[in-house]
Amino acid sequence: MAEIARLSVGSEQLELPVFEGTEGERALDISKLRAQSGLITLDEGYVNTGSTRSAITFLDGEAGVLRYRGYPIETLCEHCDFVEVSYLLIYGELPTAKQLEDFRASIRRHTMLHEDIRQFYNGFPRDAHPMGTLASVVSALSTFYQDSLNPHDPQHVEVSIHRLLAKLPTIAAYSHKKSVGQPFIYPQNDLSYCENFLQMMFAVPCEPFESDPDFVHALNLLLICHADHEQNCSTSTVRMVGSADANLFASVAAGISALWGPLHGGANEAVVSMLEQIRDDGGDVQKYVRMAKDKDEGFRLMGFGHRVYKNFDPRAKIIQAACSKLLGKMSIRDPLFEIAQQLEEVALRDDYFVERRLYPNVDFYSGVIYRALGMPVPMFTVLFAMGRLPGWIAHWVEMMRSPTKRIYRPRQVYTGPTEREFVPVEKRG
Ligand code: CMC
C-alpha cells in the first residue's frame, strides 16, 4: 500500500501518494493535484521537481555518489572505455564480449559523413563557434536520413543511435579543421573511438600521426565522466523536445544548444578564461575569491558549485587525479593547473564557500586536461557534448518507450496585467 501525504489548504484536506525510488528517494506525486484542488506547484528552475522516473543514473549530491545503471563511476572509469559505457547507458546492461564487438563494429561502419554534409562547412564563417556548427550539423543529419526518423520504430531508432555515436566525433573534428583552415581528415575505422577522434583532430595529410596512449586513456576517462548526469539542463531539453515525438537528431541538436550555455557545459571554457585572467593579473587567487563573494562584482568562480552536489563532485576528483598524473607524466608545469589548485585550496577554507557548500565541479579541472591534450579552448564544450551523447540517447529512448510518456508541458502562474481596454495607436500618450 503506497504511503499517503496529507496536505491541508484552507478548509480542504488533500491526499497525495508518495512514490519511492529504489534508492529510497521519496517524492510527492502531485499529478492529480490540480484536478482535485485547482492548485499547481511552483518551482522556478525545477529545483525540487522530479520530472520523470528514470532507471539510468543515480546520484546522491549529499554523499558525492554517481552510478550509471548501478555501477559506480569510479569502477567504470577503471575498467571500461567510453564505447562500453555508452552501451551500458543506452541498453541498460554491460555488454557481453560479442555484443560489445558488434556494437563497436557497427559504430565503425557509420563514421563517415555524407559528402554533401562536408559542403556545409564552407558556409560557416571561419571563426564560427564549433558548438554552433555541431548543433547545426547534427540537426541537418535528419535531412539526410529521412527514411529512419520514426521515434517509435525500433529499427529506425537503432540505426540513428549508431549513426549519431559514430558521426559526432567526425562532425566535431571537422568543425576544428574548418576553423584552422586544414583539410578534413577522413575517419579511419581500424582505430578505436578515441584514437580516431584524436587523429581526425590533429593529423594532417603531409605527416604521419600516431596518438599517444596516455592521451587516449585521458580522453576515454573524460568522456565517461561526462556520459550522463540524470535530469540536467541539456538532458531535460532532449527529453522536452523528444516528448513532442521529434526525431533523435532534432532532439539531440537541441540538447547541444542547451549545453553550450556557460552555466552548463560552457563552464569548462569559462574556467580556463578565468584561470588565464588570474594568471595575467599576477596570480593573486585571494583577490578572485574576494570578488566571487562580493555580490556587487557580478563575478562567480567558474567550475565551482553545483545544483545537486553539496559535498563534492566525484567526477571532479577523478579528473583532478588524472590531470595531475597526465601533467606529471608529460613533465608539464602548467601554471593554470597550479592556479586552479591554489584557488580550490583557498575557496574550500573560506566560510562563504563552506556555508554554501560550493565545491569544484566536473568542469573545474577538465579544461586543464583538454589543454594538455592540445585541444583548442572552443572545443572544450564540444568534448563535453561528445561525452554526454550516450546519456542524451539513453534518456530519449527511455522516455519514448515509457508507457506513461506524455508531451512535456509545464504550467505557470500568470503575473501580468489583467484584461485591459485596447487604445488605438493615435490615442496612446
Ligand atoms: N561562485 C560564487 N558564488 C556562487 C557560485 C560560484 N561559482 N555558485 C553559487 N554561488 C552562490 C550564489 O551566489 C548563491 O549565494 P546566495 O545564497 O548568497 O545568494 C548560492 O551560492 C547558491 O547559488 P545558486 O546560483 O542559487 O545555485 P544554483 O544551484 O542555482 O546554481 C550553478 C548552480 C552551477 C549554476 C552555480 O553554482 C554556478 O553558477 N556555478 C558556476 C558555473 C559552473 O561552474 N557551472 C558548471 C556546473 S557543473 C557541469 C554542468 O552541469 O554543466
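Along each principal axis, taking the top coordinate minus the bottom one, the Cα set of segment 265-399 gives 46, 36, 23 Å in descending order.
Whole-Hz Karplus values for segment 17-32 come out as x, 9, 9, 10, x, 6, 9, x, 6, 10, 9, 7, 8, 9, 4, 9 Hz, taken residue by residue from phi with 6.51 cos²θ - 1.76 cosθ + 1.60 and θ = phi - 60°; glycine and proline positions read x. Here the extension length gained between Gln286 and Ser324 equals 11.4 nm, from 0.36 nm per residue of separation less the Cα-Cα distance. Of the three principal axes defined by the Cα atoms of segment 292-361, the extents in descending order read 40, 24, 18 Å. Accessible surface calculations at 1.4 Å, restricted to protein heavy atoms, place the chain at 51 Å² per residue. Computed from the Cβ-Cβ distance with R0 of 41 Å, the FRET efficiency linking His79 to Val354 stands at 0.75.
Our note on the geometry: Cα centres of segment 165-208 and segment 388-417, 34 Å apart. Each of Val423 and Thr49 was given a label point 7 Å from its Cα along the Cα-to-Cβ line. The distance between the two points is 3.5 nm.
Rounded to the nearest Hz, the phi-derived 3J(HN,Hα) couplings of segment 240-253 under the Karplus curve 6.51 cos²θ - 1.76 cosθ + 1.60 (θ = phi - 60°) are 4, 5, x, 5, 8, 6, 5, 6, 4, 5, 5, 5, 5, 4, where x marks glycine and proline.
When the P(r) is computed for segment 81-125, the part past 11 Å accounts for 71% of the Cα-Cα pairs.
So what's the net charge close to Val83: Lys and Arg +1, Asp and Glu -1, counting the other residues with Cβ under 12 Å from its Cβ? Could you put the intermediate results ahead of the total?
On the way: positive: Arg104, Arg108; negative: Asp81, Glu84, Glu101, Asp102, Glu195.
Residues near Val83 contribute -3 overall.
Amide H to amide H, with H built 1.01 Å from N, Leu14 comes under 5 Å of Leu7, Ser8, Val9, counting only residues 5 or more places away or on other chains. Helical content of the chain, expressed as a calculated mean residue ellipticity at 222 nm, amounts to -16500 deg cm²/dmol (DSSP H runs of 4 or more residues, -39,500 (n - 2.57) each, divided by residue number, nearest 500).
For segment 356-368, putting each phi into the Karplus relation 6.51 cos²θ - 1.76 cosθ + 1.60 with θ = phi - 60° gives couplings of 8, 6, 9, 10, x, 9, 4, 7, 5, 9, 4, x, 5 Hz, in residue order, rounded to whole numbers and with x for Gly and Pro. Computed extension length for Tyr408-Asp116: 101.7 nm, one decimal, from 0.36 nm per residue of separation with the Cα-Cα distance subtracted.
Evaluate E = 1/(1 + (r/R0)^6) for Ala140 and Glu210, where r is the Cβ-Cβ distance and R0 equals 30 Å; express this FRET efficiency to the nearest 0.05. Efficiency for this residue pair is about 0.40.
Any idea what log10 I(q)/I(0) is at q = 0.24, 0.27 Å⁻¹ for segment 357-429, Debye with uniform C-alpha scatterers and no solvent? Treating every Cα as an identical point scatterer, log10 I(q)/I(0) equals -1.08, -1.16.
Kirkwood hydrodynamic radius of segment 88-167, from the reciprocal of the average inverse Cα-Cα distance over all distinct pairs: 14.4 Å. Plainly put, segment 1-97 has a radius of gyration that is 1.12 times its Kirkwood radius, both from alpha-carbon atoms, as the Rg/Rh ratio. Local charge for Glu20 was computed over the other residues whose Cβ lies under 11 Å away, with Lys and Arg +1 and Asp and Glu -1, and equals -2. Simple spin-label estimate for Glu276 and Asn311 gives 3.6 nm between the two label positions (7 Å along the Cα-to-Cβ direction from each Cα).
Where the accessible area of the chain is counted over protein heavy atoms with a 1.4 Å probe, how much of it, in %, is carbon and sulfur?
51 percent
Taken over the chain, the convex hull of the Cα atoms encloses 224 Å³ per residue. Distances between placed amide hydrogens fall under 5 Å for Val65 paired with Asp60, all partners being 5 or more residues away or on another chain. As a rough guide to protection, the peptides 220-231, 333-344, 139-150, 81-92 ranked by mean Cβ packing within 10 Å, highest first, stand as 220-231, 81-92, 333-344, 139-150.
The values are calculated or read from the model by the stated rules, or taken from the named source; none is laboratory data. Remember, predicted model here, so these are calculated numbers, not experimental data. Here Cβ is always computed from backbone atoms with ideal geometry, including for glycine, and neighbour counts include all displayed protein chains. Quick note on the areas: whole protein, heavy atoms, side chains included, nothing else; ligands and nucleic acids left out. Shrake-Rupley method; radii C 1.70, N 1.55, O 1.52, S 1.80 Å.
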